[in-house]
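Each reported figure results from applying straightforward, stated rules to the coordinates on display, with no laboratory input. Keep in mind that what you see is a predicted model, and the values were worked out from it rather than measured. Because the Cβ atoms are built from the backbone with ideal geometry, glycine has one as well, and the counts that use them run over all protein chains shown.
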There are 2 protein chains.
Amino acid sequence: MTASNDGSGSLPAIHFWFEFASTYSYPASARIAKVAEVAGIEVVWEPFLLGPIFRDQGWNDSPFNLYPRKGAYMWRDMERLCEAHGLPFVRPEKFPMNGLLAARVAVLGKGEGWLPDFVRAVYHANFADGRDIADPDCIGDILAALALPADDLIERAGSDENKKRLREQNARADALGIFGAPTFSVGEELFWGGDRMGDAIAFARGGGAG
Amino acid sequence: MTASNDGSGSLPAIHFWFEFASTYSYPASARIAKVAEVAGIEVVWEPFLLGPIFRDQGWNDSPFNLYPRKGAYMWRDMERLCEAHGLPFVRPEKFPMNGLLAARVAVLGKGEGWLPDFVRAVYHANFADGRDIADPDCIGDILAALALPADDLIERAGSDENKKRLREQNARADALGIFGAPTFSVGEELFWGGDRMGDAIAFARGGGAG
């Protein structure tokens, strides 16, 4: 269930596009592996950054900060959603956190078996423990808890080659027309929002190519 | 099933806040009466205008026009949703339509048995037939097809007293913190988006007061 892959397997696949600063990506990341397993669907975990996409839309901050009503609703909705799914939730003191380092580590982990556990742990650190995920110590602790070589991975995450891989992820998200997170994609078909996970899986099972 | 009410009955109630220009309110309006009936929930139909609320957020147009990626996604999503629910859908040449007259007629119909049928017919005219719902002839045709006194209702819809009722509806939406449509409210609890209809109904059944 923690297996990650590149979408080249024999099962239908959905691509799960997540941004570490995204609140709604937290419950989605906690749920998707089990939901997809039950449905017989592979999940391709796709880290990307929303910042550049938001800037292209003229936003220099999260829309939940720019539009206070949307923000007030989202925080209440997160409480309800996390309660419904049995997930701990504490509103972080700072929002959004800078998820650049975590995204670089996640890109390094693309196709690796540890990626889903790492992603879930980063969201938990941000939205359950209130830790600052921009802090290399926080990311190092998470990697170490997964018995991974934290220092080595963090160093490789910052290499020019790996930075380029993250830019390529973002170019793919851009080409798909992604504008928010979480987004699920099946081929060129997009499903935006955690509550559309089931629709995306149904679409993939209906024969859409991953 | 076409009965409307004011939320003062003995069943738990959800309030269904709709704006006639809102695309996602079309499938929601087509589905809610049946879904609520099966769940044993009353529906209070609540017309309001998004325009003033959008202007307060700094938008002078639909966010689906202001943010083309969101718009492209929404039109594709509407095709899928309407197909899934067996609803005809044709992307209107003009979007958004001006729903002021329809909203005034709907306010006049609050608590009347014909309101749900009128609301569904206006959405159908906009998103299935591509008619201009700002045209009094279109609204008149809809009312006449429901065997209602079209001329009389349209005249009363434009009275100062009725205009004031619509402003009061908007003041209620504003006080609840509503920022989009459709929104379902149960007491002060909001659920934004047609895909949250089930959550709103579950919340109402769980003891939330209407």
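Miscellaneous remarks
- Taken over region B:73-122, the convex hull of the Cα atoms encloses 98 Å³ per residue.
- In order along region A:83-95, the Karplus-derived 3J(HN,Hα) couplings, from 6.51 cos²θ - 1.76 cosθ + 1.60 at θ = phi - 60°, round to 4, 5, 9, x, 10, x, 8, 10, 5, x, 5, 10, 8 Hz, and Gly and Pro are given as x.
- Using R0 = 22 Å, the C-beta based FRET efficiency linking A:VAL35 and A:VAL90 works out to 0.35.
- Binning the C-alpha pair distances of the protein assembly as shown at 10 Å intervals from 0 yields a P(r) profile of 4, 21, 29, 24, 14, 6, 2, 0 %, listed from the shortest bin outward.
- Partners for A:LYS163 among lysines (Cα-Cα distance below 21 Å; same-chain residues under 8 apart left out): A:LYS110
- Computed about the Cα centre, the dipole magnitude for the protein assembly as shown is approximately 60 debye when only Lys and Arg (+1) and Asp and Glu (-1) carry charge, each at its Cβ.
- Formal net charge of residues neighbouring B:LEU176 (Cβ-Cβ distance under 11 Å; K, R +1; D, E -1): -2
- At the listed q of 0.17, 0.18, 0.19 Å⁻¹, the Debye profile of chain B, built from one uniform point per Cα, gives log10 I(q)/I(0) equal to -1.25, -1.41, -1.57.
- Backbone HN-Hα couplings from phi across region B:182-190 [Karplus 6.51/-1.76/1.60, Hz, Gly and Pro as x]: x, 10, 10, 10, 10, x, 9, 7, 10
- Computed over neighbours whose Cβ is under 14 Å from that of B:ASP137, the net charge equals -4, Lys and Arg +1, Asp and Glu -1.
- GluC sites (Glu not before Pro), loop per DSSP, at most 14 other Cβ atoms within 10 Å - longest free stretch of chain B: B:94-187
- Taking amide H positions as modeled 1.01 Å from N, with prolines and chain starts lacking one, the residues under 5 Å from B:GLU42 and 5 or more places away or on another chain are B:ALA13, B:ILE14.
- Net charge contributed by nearby residues that have their C-beta within less than 15 Å of B:PHE95 (K/R +1, D/E -1): -2
- Mean projected area of the convex hull spanned by the Cα atoms of region A:87-210, taken over all viewing directions: 8.4 nm².
- Calculated FRET efficiency, B:ASP174 to A:ASP152, Cβ-Cβ distance, R0 = 41 Å: about 0.15 to the nearest 0.05.
- Within region A:96-117, backbone nitrogen closer than 19 Å to the virtual label 7 Å beyond the Cα of A:SER159 toward Cβ: A:101-115
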